[in-house]
Each structure stands twice: as C-alpha cells, then as structure tokens.
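Let me begin by presenting the structure, written as structure tokens, before commenting on it.
The values are calculated or read from the model by the stated rules, or taken from the named source; none is laboratory data. Keep in mind the model is a prediction, meaning the values are calculated, not measured. Positions of Cβ are generated from backbone atoms using ideal geometry, with glycine treated the same way; all protein chains shown enter the neighbour counts. Note: areas computed on protein heavy atoms with side chains; ligands, DNA, RNA excluded. Shrake-Rupley method; radii C 1.70, N 1.55, O 1.52, S 1.80 Å.
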There are 2 protein chains.
Amino acid sequence: MDSREFRRRGKEMVDYIADYLDGIEGRPVYPDVEPGYLRALIPTTAPQEPETYEDIIRDIEKIIMPGVTHWHSPYFFAYFPTASSYPAMLADMLCGAIGCIGFSWGSASEATLVALLAARTKMIRQLQAASPELTQAALMEKLVAYTSDQAHSSVERAGLIGGVKIKAIPSDGNYSMRAAALREALERDKAAGLIPFFVVVTLGTTSCCSFDNLLEVGPICNQEGVWLHIDAAYAGSAFICPEFRYLLNGVEFADSFNFNPHKWLLVNFDCSAMWVKKRTDLTEAFNMDPVYLRHSHQDSGLITDYRHWQIPLGRRFRSLKMWFVFRMYGVKGLQAYIRKHVKLSHEFESLVRQDPRFEICTEVILGLVCFRLKGSNQLNETLLQRINSAKKIHLVPCRLRDKFVLRFAVCSRTVESAHVQLAWEHIRDLASSVLRAEKE
Amino acid sequence: MDSREFRRRGKEMVDYIADYLDGIEGRPVYPDVEPGYLRALIPTTAPQEPETYEDIIRDIEKIIMPGVTHWHSPYFFAYFPTASSYPAMLADMLCGAIGCIGFSWGSASEATLVALLAARTKMIRQLQAASPELTQAALMEKLVAYTSDQAHSSVERAGLIGGVKIKAIPSDGNYSMRAAALREALERDKAAGLIPFFVVVTLGTTSCCSFDNLLEVGPICNQEGVWLHIDAAYAGSAFICPEFRYLLNGVEFADSFNFNPHKWLLVNFDCSAMWVKKRTDLTEAFNMDPVYLRHSHQDSGLITDYRHWQIPLGRRFRSLKMWFVFRMYGVKGLQAYIRKHVKLSHEFESLVRQDPRFEICTEVILGLVCFRLKGSNQLNETLLQRINSAKKIHLVPCRLRDKFVLRFAVCSRTVESAHVQLAWEHIRDLASSVLRAEKE
C-alpha cells in the first residue's frame with residue numbers, strides 16, 4: 001500500500017469508525033460467541049501472497065466484530081470506563097505516523113523481566129519442595145542469572161528489579177557467548193554455593209548484531225536445569241527468511257523466546273511477541289484472581305488470559321495491526337522487505353571497505369554495519385559528533401571492547417540505495433574534514 | 001467534536017499523514033532544538049475553554065514537529081528500525097475506535113510496581129548505610145508492604161513480583177482503610193522484627209469506589225518513614241472538579257500518585273499518569289546507562305529520561321492524545337463530562353432506592369453504584385447471569401465482605417439518561433422473573 005492508496009483507505013476507515021460509533025447502540029454490547037470461535041474463521045498460517053484490502057475489511061465485520069465487547073456502547077456499565085474521544089483518536093493516528101520511540105526503544109525489556117521472574121519463582125518452588133525449611137529470601141540471595149557482556153542493558157535491569165544477581169559472561173572474538181566461558185562461570189559459582197537459575201542468550205545484540213552460540217549454550221542450560229531465555233528483539237524478524245533461519249538453530253533448548261515485530265516486521269510500535277515453552281511457568285508466577293476479573297471460562301482451558309503473562313493488567317488490541325500487516329504484505333512481501341534491508345547494509349559495507357581510511361568492525365549478517373575510522377576513539381567521537389550535528393543523517397555509536405564504533409543501521413521502510421549512497425558520501429566528506437583538521 | 005466533524009477532521013488527518021510521510025526526506029532527520037524548547041511554546045495550564053481544531057493543527061508544525069526525530073526518514077540509520085506501514089496505521093485507527101481493553105484494564109498496575117520497587121531500593125539502601133553488614137536478601141525477607149483489603153489485585157501482584165510480603169489491612173464499615181487498623185499492623189510487625197516500607201492508599205477502589213482515609217493514614221506513613229503510594233486509577237479524573245477535590249485531601253503526605261486518564265478523562269487507552277515526590281527515588285532504582293543510549297544532555301538536568309522511571313525502555317508518544325483532548329474539551333468541557341457521569345449514577349441510585357426489593361450497598365460518590373437484590377447471594381448471582389446472558393447491557397459483580405454485589409458503572413462517552421432508564425427497566429424486569437422463579 002502506497003501513500004496514494006492510504007489516502008483512500010484512510011478516509012474509508014475514518015467513515016467506518018464514525019459509522020461504527022454512530023451505530024454502536026444497535027450492536028449487542030457483549031459478544032455472542034464462545035471462546036475459540038476465531039480459530040475456525042482464520043487460516044492457520046499467514047498468507048504467502050498479499051491479500052487485497054477489501055478482503056480484510058470484509059473480514060472485520062465477519063470475523064473480528066462478532067468477538068468484540070463494545071466497551072463504548074452506552075449499555076456498557078461494567079468495570080470502570082475506558083476513555084474514548086475523537087480528538088484522542090486523531091492524535092493517535094498522528095502518533096502512529098510519527099512513530100517515534102520515546103527516549104529509547106524496545107519492549108523486549110518486559111519480556112526479559114517476565115521470563116526472569118517466572119524462572120525465579122520456578123527455581124524457588126523446586127528448591128522449597130526439596131527443602132521446605134529454606135525461605136524465599138535465603139534462596140534469592142543465592143540465585144544467579146547469566147548473560148553475555150554484549151547483552152542489552154535491560155537484562156541487567158531485569159536482575160535489579162527481580163532482586164537477583166546478574167553476571168556478565170565474557171564474549172569471544174566475535175562478541176558471542178560460548179560454552180567454555182559459561183561453563184566456567186557456572187562451575188565457579190556452584191562451588192561457591194550459589195544457584196544458577198537463568199541464562200539470557202541474545203540473537204542479534206544491540207551494539208553489533210552478534211549472535212550468542214545457542215547450539216553450545218542451549219544444552220548446558222538444559223543439563224543444569226537453568227531457564228534459557230532468547231532475546232531476539234531485532235534479529236527475530238529476519239527468521240521468516242529461510243536463509244537466515246540457521247541463526248535460530250538450537251531454539252528447541254529455550255524456555256522462552258522474544259522478538260519485536262515493531263522493530264523490523266512493519267508493525268508500528270508497540271508490538272513485542274513472546275513465546276514460552278510451558279505456559280504454567282509464567283501463569284503460576286503471576287496468577288491473581290479477584291472476583292471482578294473472574295469469568296466463566298477461566299478454568300476451561302479454552303481461553304488464554306494474558307493478564308497472567310505480563311506486568312500490566314490491560315493491553316491494547318495490538319494483534320489487529322499484525323493481522324493487517326501479515327495479510328497486506330503476505331509472507332513473501334515481508335521476506336522481500338527484510339532482504340532489501342540486508343542487501344542495503346551489504347551495499348554500505350562494501351562502500352566502507354573501498355575506503356582504506358575506514359575499517360569494518362564485525363561481520364555484517366543482517367541490517368547493521370559497525371564501522372570506524374582507523375585511528376583513535378577521539379577521532380571517531382569527533383566524526384560522529386560532526387555527522388549528528390549536521391543533521392542530514394542520524395547515527396548512534398557503540399563500544400566494542402575498548403573501541404568507539406559507529407553503527408549504521410538500515411531502518412526506514414522507504415530507504416533506498418540512493419539514500420545509502422548519499423549517506424556514505426556525506427560521512428566520507430565529514431571524515432575528510434575531520435582528518436584534515438587532525439593533521440593541522 | 002461529533003462524528004460529523006470527526007469524518008471531516010479524520011480525512012484531513014489522513015492527508016496530513018500521507019503528506020508528512022511523502023515529504024519526510026525533506027525534513028532534517030534530527031531536530032534542531034534544545035531540550036526545554038517546548039516549555040516556552042506551550043501554556044503552563046490546560047485551557048479553561050475548548051480551543052478550535054484549527055488552532056491545534058496549526059501548532060503541530062509550529063510546536064511539535066520541530067522537536068521530532070523523524071524515525072521514518074530514509075536518512076535515519078540509528079539504533080535499530082522501528083516499524084511503520086500503512087496497514088498497521090489503519091489497524092491502529094480501528095483499534096483506537098474499538099477501544100477495548102484486552103481481558104482487563106488498567107496500567108495503574110505498573111505504577112504500583114514501580115513505586116514498590118523504588119521504595120524497596122530506598123529502604124534497603126538506608127538500612128545498609130546504617131548497617132553495611134546486612135545483605136539485600138536478609139533485608140528483603142523482613143520488608144512488609146500494606147494495603148487495604150479492598151485494594152486492587154495488582155497491589156498484591158506487585159509484592160509477588162518484587163519479592164516482598166504484602167499484608168491486607170481490614171477496612172472499616174465504609175470499606176475504608178483507617179489509622180487504627182494500620183497502626184495495629186505496623187506495631188505488631190515491628191515487634192516481630194519486620195520492617196514496614198510501603199503503604200498503598202486507594203482513592204476509589206475497583207470493587208465499590210470507596211476511599212481510604214488519606215488524612216489519617218498519610219501522617220502515620222510519614223512518621224514511620226514508610227513510602228506512601230496513592231492509587232487513584234479511576235477516581236483521579238474527578239479531581240479536576242473542585243467539588244470532588246476534598247477526596248484528595250492529604251495528598252501532600254504521598255511519595256507517589258497515579259491515576260489513569262484512559263479511564264475517565266477521554267484519553268483513549270493506554271494512558272496512565274504518575275507523579276513522584278522525589279524523582280531520584282525512582283531513577284536510582286532503575287538507572288542503567290549503556291553507550292548506545294547515552295546522550296549529551298543526560299546530566300544537564302534539562303531533560304527527563306523517562307526510561308529510568310518505568311519497566312519498558314520505550315514508550316509511545318502518548319502525551320499527544322492528552323494534548324489534543326485537553327485543548328479540544330478545555331478544563332470546563334472535561335469537568336462537565338465528569339459531572340454528567342456522576343449525575344447519571346445518582347439517577348440510577350434513586351431508581352434503585354425506589355424499588356423496595358433492592359438495596360444500595362455503599363455510598364454513591366462518583367460514577368459507580370453498588371446494588372443488589374435483598375436476599376441471598378445465589379439470587380443475585382442468578383440475576384447477574386440473566387443480565388449478562390441477555391447481552392442488552394453488561395455488568396460485572398464484586399464481593400463486599402460476604403455479599404455478592406452488582407456494580408453499575410457509568411462508562412460510555414455517549415451514555416444518556418435514556419440509556420440508564422432503559423438499563424434499569426431491563427434489570428427490574430429480569431429481577432421480577434428471577435424472583436418469580438424463586439417462589440415457584
């Protein structure tokens with residue numbers, strides 16, 4: 001869908017919304033379906049080829065609306081109000097278009113925290129079952145979680161929130177967590193009386209898109225009875241392409257897995273997807289059942305109460321945008337999108353490689369290129385400062401061991417070869433000027 | 001704004017969005033403003049009278065856009081991508097209109113958790129400063145938080161996640177937490193060697209919209225050096241009306257305060273507002289500063305990094321919808337909205353009181369009426385079942401002490417006296433049929 005079609009469809013949607021709200025009194029306020037009704041109405045896989053927008057819109061009334069509790073019907077007197085107004089909806093439309101991430105990005109943070117809390121509960125219960133005299137506090141003091149020294153800061157933060165130790169495992173020359181280093185830490189800590197309970201493997205680190213060695217680390221976690229969580233926030237979207245699927249080898253060892261479709265799968269922020277091998281591990285950590293939230297289906301197994309899977313109680317109807325996107329692009333369209341980005345990052349990589357003043361710092365696997373001027377960190381910090389204060393393009397840095405490195409991430413839905421070429425010329429020109437100034 | 005105007009403005013917004021994205025390359029990718037630029041451009045208070053939509057739209061380019069980092073510019077190569085596509089935007093428009101809350105409602109849960117974690121960190125650091133030999137785990141074992149037996153389940157859940165004890169204080173005859181009961185629990189627990197650190201006061205409980213006695217409980221918390229958090233998720237919106245402001249007396253004792261504009265202030269879900277008395281109490285509990293998130297202003301005090309205030313790193317640009325709503329309604333419009341709902345709940349209350357078969361269970365203060373048929377819980381459960389299976393209106397129950405009670409919450413933006421009257425006739429008819437069946 002291009003902007004021309006969006007103008008047309010957007011206006012139709014505005015009318016659909018106004019019609020919906022004008023006529024909401026006429027709809028039964030509470031749905032007349034059984035849990036699971038949806039399963040028979042939708043296919044079990046995303047479409048390979050894009051579908052038409054008309055198909056989707058037809059399905060709104062046929063598939064979605066019959067299952068909706070109309071919270072804005074004037075006959076809705078349950079719970080408390082949930083607000084709705086036209087100005088707020090207009091602002092949200094604009095918010096979706098601007099699509100900025102306030103101060104930072106990612107809700108993989110919450111997934112990591114949720115997994116850590118579930119693992120903590122599971123381990124404490126196991127140990128207390130064997131030794132009922134041990135208190136939760138006494139056990140928590142001994143629990144240790146592990147992650148690579150390249151993991152996202154949100155992993156350390158999850159440990160802080162969960163009140164347990166988090167240790168960083170030194171990564172290898174490719175910034176990957178390997179078996180030997182993990183095993184060494186586990187043995188040392190167990191010998192000291194500590195209790196390993198949780199390992200986070202990152203597939204596609206934020207700093208340099210490196211991959212922990214899942215095939216090595218996974219079996220160790222399983223042998224040790226330690227929860228394995230995979231954070232694939234960025235790289236996860238690429239796994240819809242068969243040629244990148246090898247990066248996921250060993251996923252069968254994981255207890256939980258997360259990636260963010262709102263990063264690289266064309267679903268506007270926020271949308272973070274999490275899988276867990278055994279759902280009761282999560283729900284037993286969070287389950288609370290007050291009367292005003294009870295319902296007749298809660299023990300039937302027919303429905304999944306996601307409020308037991310997460311920190312907040314409420315959630316927006318976010319699957320709607322995944323459904324629109326999967327259908328409008330089809331798996332093939334989404335694969336083409338990922339491939340285009342990866343091609344552009346390799347194009348940028350080869351431009352950098354042609355200039356002997358620069359070096360590529362890590363293997364380019366997906367859409368991120370880590371590069372720097374050969375020379376001091378100060379030189380590269382100055383270059384980055386010049387790039388960002390020119391405001392023509394926007395980059396952020398990372399630190400790899402003791403080196404200050406520039407990150408070129410292919411981001412925009414509309415980025416083309418021409419933009420990458422212009423960006424490179426711009427960087428090269430600024431580099432020339434920075435190097436000239438240094439010599440003087 | 002009515003649906004007629006929304007049709008017009010929505011279509012204009014669709015064009016604005018398409019124009020914005022079509023022309024995004026032409027905008028500087030990174031803003032050319034200093035932190036704080038916004039302060040001088042916007043008034044210090046919300047407008048009393050509604051403004052025109054034209055005023056707001058004019059301000060988008062004048063006030064908002066100069067501060068935006070254009071994440072979807074093809075010259076944005078920073079961080080990782082954040083997804084954007086037209087189908088996802090269309091789905092989000094529809095999601096806003098449906099405005100349903102998945103499985104439950106409220107993000108006050110996260111505010112309570114964040115406050116509890118901050119209080120936990122603060123207390124542990126204080127105690128360790130005095131006695132450095134005490135471990136975190138040894139202290140956590142002794143920490144106790146308190147809340148009324150009428151508090152939302154999310155408070156107990158916050159304790160579970162935070163790994164600390166939570167105790168329920170018995171409320172009085174009006175379902176309000178009072179000084180005597182709290183003091184008794186504190187004294188008993190301190191005598192047993194425990195360490196009180198956190199109290200949650202609820203203003204407007206979910207079950208029956210009761211109010212804890214803040215003027216009694218507040219001073220105790222301050223004397224004891226215990227963090228006081230106020231959960232006013234629902235009732236908080238009403239405090240914009242001077243006549244309801246007395247319910248907030250004692251707020252000066254609080255360390256943190258939360259309410260949900262997405263409940264009752266016309267701002268679509270999700271939007272939860274939290275204040276904290278001393279910001280460093282929060283930020284010191286959560287602060288993490290990896291290189292890729294560092295920026296030149298972080299120590300200047302000019303900007304507020306909300307990623308240190310919350311569980312997820314990222315957040316949507318939610319203030320935009322508050323800004324639209326405050327301006328389009330004005331304080332007066334918002335007050336009129338609250339007053340209308342309160343008037344409707346009193347109207348329902350008087351209908352119930354006129355029918356001697358029913359009883360009102362708690363004082364009606366805002367938009368919630370708790371009522372029941374005089375008689376057994378079974379009778380009332382049957383009535384509720386009949387009401388909800390007829391699907392004409394939707395209600396949920398609560399349990400007050402040993403009584404099963406029906407909650408009539410005035411919710412919809414478009415609810416009028418006629419809907420309340422019809423709802424009551426419907427309830428009365430079903431009650432007659434239930435009572436008839438019971439006699440037979």
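Can you list the helices (runs of 4 or more DSSP H) lying wholly within segment A:114-202 that have 2 or more residues being more than 23 Å from A:F253 (Cβ to Cβ) and not charged (D, E, K, R)?
Numbers: elements: A:136-140, A:153-162, A:179-191.
Filter on segment A:114-202 gives A:136-140, A:153-162.
Which of (1) part of a loop (DSSP other than H, G, I, E, B); (2) farther than 19 Å from A:Y79 by Cα does B:T414 not meet, given it meets every other one?
Going through the list (1) part of a loop (DSSP other than H, G, I, E, B); (2) farther than 19 Å from A:Y79 by Cα, B:T414 breaks only (2).
Of all residues in segment A:344-384, which are of a type in the set (D, E) and closer than 17 Å to A:G173 by Cα?
Result: A:E359, A:E363.
Any chance segment A:221-231 includes a residue that's under 20 Å from A:D172 (Cβ atoms) and among the acidic types (D, E)?
Our first condition is that a residue be under 20 Å from A:D172 (Cβ atoms); within segment A:221-231, this holds for A:221, A:228, A:230-231.
From the residues that got through so far, the ones that are among the acidic types (D, E) too are A:231.
Taking every residue of segment A:221-231 in turn, at least one turns out to be under 20 Å from A:D172 (Cβ atoms) and among the acidic types (D, E).
Could you please let me know if B:R39 is of a type outside the set (G, A, S) and either open to solvent by less than 50 Å² (accessible area, probe 1.4 Å) or at the interface with chain A (Cβ under 9 Å from one of its Cβ atoms) (or both)?
Details: of a type outside the set (G, A, S): yes; either open to solvent by less than 50 Å² (accessible area, probe 1.4 Å) or at the interface with chain A (Cβ under 9 Å from one of its Cβ atoms) (or both): no.
In short, no.
Checking A:L117 against (1) buried (at least 19 other Cβ atoms within 10 Å of the Cβ); (2) more than 7 Å from chain B (Cβ to nearest Cβ): exactly one of these is not met. Which one?
(2)
Would you mind stating whether B:W323 is crowded, with 18+ Cβ neighbours inside 10 Å, within 12 Å of another protein chain (Cβ to nearest Cβ), within 30 Å of B:T121 (Cα to Cα) and under 19 Å from the mean Cα position of the chain (by Cα)? Steps first, answer last, please.
Details: crowded, with 18+ Cβ neighbours inside 10 Å: yes; within 12 Å of another protein chain (Cβ to nearest Cβ): yes; within 30 Å of B:T121 (Cα to Cα): no; under 19 Å from the mean Cα position of the chain (by Cα): yes.
So B:W323 fails the test.
Can you give me the number of residues within segment A:135-164 that are within 24 Å of the chain's Cα centre (by Cα) and open to solvent by 60 Å² or more (accessible area, probe 1.4 Å)?
Residues flagged as within 24 Å of the chain's Cα centre (by Cα) and open to solvent by 60 Å² or more (accessible area, probe 1.4 Å) within segment A:135-164 amount to 3.
Among the residues of segment B:405-435, which ones are under 27 Å from the mean Cα position of the chain (by Cα) and open to solvent by 20 Å² or more (accessible area, probe 1.4 Å)?
Those that are under 27 Å from the mean Cα position of the chain (by Cα) and open to solvent by 20 Å² or more (accessible area, probe 1.4 Å): B:R413, B:T414, B:E416, B:S417.
Among the residues of segment A:382-402, write down those that are outside any loop (DSSP other than H, G, I, E, B) and within 11 Å of chain B (Cβ to nearest Cβ). Before the answer, list the steps.
Step one: filter segment A:382-402 for residues outside any loop (DSSP other than H, G, I, E, B), giving A:382-390, A:394, A:396-400.
Residues satisfying the conditions are A:L384, A:Q385, A:I387, A:N388, A:S389, A:A390, A:H394, A:V396, A:P397, A:C398, A:R399, A:L400.
Do you know which of the residues in segment B:404-420 that are in contact with an Asp or Glu (Cβ under 7 Å, 6 or more places away or on another chain) and touching a residue at least 60 places away in the same chain (Cβ under 8 Å) is farthest from the other protein chains (Cβ to nearest Cβ)?
Kept after step one, since they are in contact with an Asp or Glu (Cβ under 7 Å, 6 or more places away or on another chain), are these residues of segment B:404-420: B:404, B:417, B:420.
Then drop every residue that is not touching a residue at least 60 places away in the same chain (Cβ under 8 Å), which leaves B:417, B:420.
Numbers: B:S417: 11, B:V420: 9 Å.
Ranking the candidates gives B:S417 first.
Tally up the residues in segment B:62-116 that are acidic (D, E) and without any contact (Cβ under 8 Å) to a residue 24 or more places away in the chain, please. Give the steps one after another, and end with the answer.
First pass over segment B:62-116, keeping only residues acidic (D, E): B:92, B:110.
Subsequent filtering for residues that are without any contact (Cβ under 8 Å) to a residue 24 or more places away in the chain retains B:92.
Number of matching residues: 1.
With respect to B:P66, determine if the residue is more than 11 Å from chain A (Cβ to nearest Cβ) and surrounded by 15 or more Cβ atoms within 10 Å (Cβ to Cβ).
Working: more than 11 Å from chain A (Cβ to nearest Cβ): yes; surrounded by 15 or more Cβ atoms within 10 Å (Cβ to Cβ): yes.
In short, yes.
Cβ-Cβ below 9 Å, separation at least six or inter-chain, first residue in segment A:426-440 and under 15 Å from A:L351 (Cβ atoms), second open to solvent by 40 Å² or more (accessible area, probe 1.4 Å) and part of a loop (DSSP other than H, G, I, E, B): which pairs?
A:H426/A:K392; A:R428/A:R357; A:A431/A:R357; A:S432/A:R357
Taking the residues in segment B:6-34 that are farther than 29 Å from A:L422 by Cα and more than 7 Å from every other protein chain (Cβ to nearest Cβ) as candidates, determine which candidate is least open to solvent (accessible area, probe 1.4 Å).
In this case the residue turns out to be B:E12.
Go through B:A91, B:A78 for me and flag whichever is in a helix (DSSP H, G or I), at the interface with another protein chain (Cβ under 7 Å from one of its Cβ atoms) and either open to solvent by less than 10 Å² (accessible area, probe 1.4 Å) or modelled with pLDDT of 90 or more (or both). Even if it seems obvious, please write down each step before you answer.
Numbers: B:A78 fails: in a helix (DSSP H, G or I).
Exactly one of B:A91, B:A78 is in a helix (DSSP H, G or I), at the interface with another protein chain (Cβ under 7 Å from one of its Cβ atoms) and either open to solvent by less than 10 Å² (accessible area, probe 1.4 Å) or modelled with pLDDT of 90 or more (or both), namely B:A91.
Scanning for something under 20 Å from the mean Cα position of the chain (by Cα) and in a helix (DSSP H, G or I), does segment A:203-217 turn up at least one residue? If you could, list the steps in order and put the result at the bottom.
Initial filter on segment A:203-217 (under 20 Å from the mean Cα position of the chain (by Cα)): A:203-214.
Subset that is in a helix (DSSP H, G or I): A:214.
Yes; the residues of segment A:203-217 include at least one that is under 20 Å from the mean Cα position of the chain (by Cα) and in a helix (DSSP H, G or I).
Sort out which residues of segment A:120-134 are of a type in the set (K, R) and either touching a His at 6+ places or on another chain (Cβ under 6 Å) or open to solvent by less than 20 Å² (accessible area, probe 1.4 Å) (or both), and write them in order of number.
First, the residues of segment A:120-134 that are of a type in the set (K, R): A:120, A:122, A:125.
Matches in segment A:120-134: A:R120 only.
Which of (1) touching a helix residue (DSSP H, G or I) at 6+ places or on another chain (Cβ under 6 Å); (2) more than 10 Å from every other protein chain (Cβ to nearest Cβ); (3) under 26 Å from B:A418 (Cβ atoms) is the odd one out, the single condition A:P47 does not satisfy?
(3)
Of all residues in segment B:169-207, which are closer than 13 Å to B:D149 by Cβ, surrounded by 20 or more Cβ atoms within 10 Å (Cβ to Cβ) and not hydrophobic (A, V, I, L, M, F, W, C)?
Residues satisfying the conditions are B:S171, B:Y175, B:S176, B:T202, B:T205, B:T206, B:S207.
With respect to B:S345, determine if the residue is small (G, A, S), under 23 Å from B:I387 (Cα atoms) and open to solvent by 30 Å² or more (accessible area, probe 1.4 Å). Write out each step before concluding.
Working: small (G, A, S): yes; under 23 Å from B:I387 (Cα atoms): yes; open to solvent by 30 Å² or more (accessible area, probe 1.4 Å): no.
Spelling it out, it is not the case that B:S345 is small (G, A, S), under 23 Å from B:I387 (Cα atoms) and open to solvent by 30 Å² or more (accessible area, probe 1.4 Å).
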